[in-house]
Structure formats: C-alpha cells, structure tokens
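Written out below as structure tokens is the structure these notes cover.
The numbers here are math on the coordinates, done by the rules we state, and not lab data. Everything quoted here is computed from the prediction, not taken from an experiment. Quick reminder, even Gly has a Cβ in these numbers, built from the backbone with ideal geometry, and neighbours come from all protein chains shown.
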Amino acid sequence: MKLSYTWEEVERWRDKVHRRSPRYAVRTKLEALRFINDVGFCFAFKSEHSELPCLWHAACGIRNPIMPRNTHSDPYLSFVWQMKNILPSEGKIFYGKVLKGRPTMVSMEYFLYFYSLSERTGTKDEYIGEFMRGSLSPIAKGIMDTLQDSSPQITRGLRLATGTHGKANRVGFEKAMTELQTKMYIVKAGEHHEPFTFEWAPISTFLPSLVRKARKISLETARKKILARYFQNQLIASVQSMYSLLGWKKQAIFEALGQLVEEGVTTPDVKVDGQDSKYYCLIR
C-alpha cells in the first residue's frame, strides 16, 4: 500500500480519471455522457486546483486550460454549453448548482444520493415550512409559489411574478435561484432560443420517480457513496478539502470516512511531499 505521494503523482492520476490529456479527451455527446456517468459528478466549466473532474477540462484534454477572452467562439466551451442543454433535456443527467453554488453535472445514479442528502420530502408545501423557520429567503419562496401555481416557467416569468425584473433586483433573484438549486428544490427543465431563456420546474414534479427512490436512501449511505466516488476521482483528499467542496458538517465527514476506512476503501495518514496536511487516500 502506497502511503507517500508527490503532487505530480496525484495530478497524473487525475489527468487520466478527469480525462485531462489528448488521449482521453471528451469530444462527442456519447463520450460526455460516459464521462459524467464514470465520475458521478463534475463541474461543467471550471475546477479550481483539481477539486473535481470538469467537462470543460476534459473537452480541452489538458490539465489547466485558460479561459478564453471570447468565450462564444471557443469550441470546447461551446461543446460544454451544448452538453449542459442536451443531456439534461434528454433525461440522461441532472444539471444544477449542486456544489459550491456552481454549475454541476450529476449522473442519474448520483442524483439519488445528492437528493437524499438535501433531505427534501418532495411534498408540495415543504418550502413553506422552511421559509417559516427562516431557512429560505423571501424571493426564493416567491419563486416556489409561482412554480407551484404553474410550471414549468421561464426565467422572465419568474422575475415578473416575484417583482424582481428590474436591474436592481438581478443579484437578489440570481442568489435566490442558486439557493433553490443548491437545496434541490428546482431544476432547469429546458431552454428557449428566441429569445434565449431557461425554463424551470420543481424537482419533485419534474423527476417524481427518482425523488421517491431517493427518499428511501439513508443519509449515511448517501454520504458514503458520494465520498467513495470522490476518492475514486481524486485519489487523495484532506478533511478540509472535503468540507470546502461538499459543505457537510465535519462530524458527518469523519463518520463517512470511518466507514470507508473500515471497509478498506480508503486509508488515513497518507503523506504528500512538501505538505503538512493529513490526507486520506483511495486504496488501490
């Protein structure tokens, strides 16, 4: 069992799993779907310091691509834009701001685990109780009120219904939409091109069978599944990196890590040259 690594060894592992080399680069719709299914969950456009696999990095086929100034003419970004629209609309993946409030692509298998961790009940008035407890913003509640009345709805319709159509209200509206995606209340159900806009719906009505299935999965199982996949993607990780990415309480992270160590999936106290942090590592 290897208990000491250099960062370059770790990054070479990730180059293969994250498809960050010309040999493994993602170029087609089928390859994109296979990549997302293989890694379970990934960022769409950017991954800071290799924190997760990323479809844009995989499309570029290099480790650290530089975001171009003219994003509209970049073929790799255009490919990711197409995939983030096509694959969710076909029901092949889930797309939303699931991790760190950033666009995330999730396989339908791992959607079940993330939805389980959201602790959503899937009931129609669930969001009202959260609002009454002060855990949901007023704008987010207004968006949910509108979607419960009629869905799907385009972005402009939601802004008009919630009185946030002016420029001064844009930030508040976007923040509320991110909040609802992160808490897994809503999902992008489609998009229109003339004019360009997104279409939104409650997850509980858009994916009802998956919601019912996810509710049968325990929090402990969901955390263990997600964390095991995370190590298969990353090879090594510190508790702090897991906390920063996943947003779980540290006690929950340690409990899931304990299960993975006990089952022989990971091992603690792995050293990385030049680093003081303690790392857990996938047992290969």
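Along the Cα→Cβ direction, 7 angstrom out, place labels at Met132 and Leu160. What is the inter-label distance in nm?
3.2
Against the empirical 2.2 N^0.38 Å scaling, what ratio does the C-alpha Rg of region 122-212 come to?
Working it through for region 122-212, the quotient is 1.04.
Taking the mean number of other Cβ atoms within 10 Å as a proxy for protection, how do you rank 104-113, 68-77 from highest to lowest?
Output ranking for 104-113, 68-77: 104-113, 68-77.
How large is ³J(HN,Hα) for each residue in region 98-112, as worked out from phi by the Karplus curve 6.51 cos²θ - 1.76 cosθ + 1.60 (θ = phi - 60°), to whole Hz, x for Gly and Pro?
8, 10, 6, x, 10, x, 10, 9, 10, 5, 5, 5, 7, 4, 4
Normalising by the residue count of region 242-284, find the relative contact order in percent from Cα pairs under 8 Å and 6+ residues apart.
Dividing the mean separation by the residue count of region 242-284 yields 26 percent.
For region 122-212, what relative contact order do you get, as a whole percent, if you take Cα pairs closer than 8 Å and at least 6 residues apart?
Normalised by residue count, the contact order of region 122-212 is 29 percent.
Could I get the Rg over Rh figure for the chain? Both from C-alpha atoms, Rh via Kirkwood, rounded to two places.
0.98
Explain nothing, just the number: relative contact order of the chain, from Cα pairs under 8 Å at least 6 residues apart, as a whole percent.
20
Mind pulling up the Rg/Rh value for region 84-128? Radius of gyration and Kirkwood radius, both on Cα.
In region 84-128, Rg relative to Rh is 1.01.
Testing the spin-label approximation: label points 7 Å from Cα along Cα→Cβ at Asp149 and Glu255. State their distance in nm.
Distance between label points: 4.0 nm.
Order of 155-168, 15-28 by packing, highest average Cβ count within 10 Å first?
15-28, 155-168
Would you kindly compute the Cα radius of gyration of region 132-284 and its largest Cα-Cα separation (Dmax), both in Å?
20.2, 57
Setting aside same-chain residues fewer than 8 positions from Lys84, which lysines have a Cα under 19 Å from its Cα?
Of all the lysines, those that pass the test against Lys84 - Cα under 19 Å, at least 8 places apart if same chain - are Lys29, Lys46, Lys92, Lys97, Lys100, Lys188.
Grab the eigenvalues of the alpha-carbon gyration tensor for region 245-284, scale each by 5, take roots, and send me the semi-axes largest first in whole angstrom.
18, 15, 8
Between Gln232 and Phe196, how many nm apart are label points set 7 Å from Cα along the C-beta direction?
Each label point is offset 7 Å from its Cα along the Cβ direction, giving 3.5 nm.
Check Val272: other-chain or 5+ apart residues with amide H under 5 Å from its amide H, H built from backbone geometry?
Here Tyr5 satisfy the definition.
At q = 0.09 Å⁻¹, work out log10 I(q)/I(0) for region 38-175 with the Debye formula, treating every Cα as an identical point scatterer and leaving solvent out; two decimals please.
So the normalised log intensities are -0.36.
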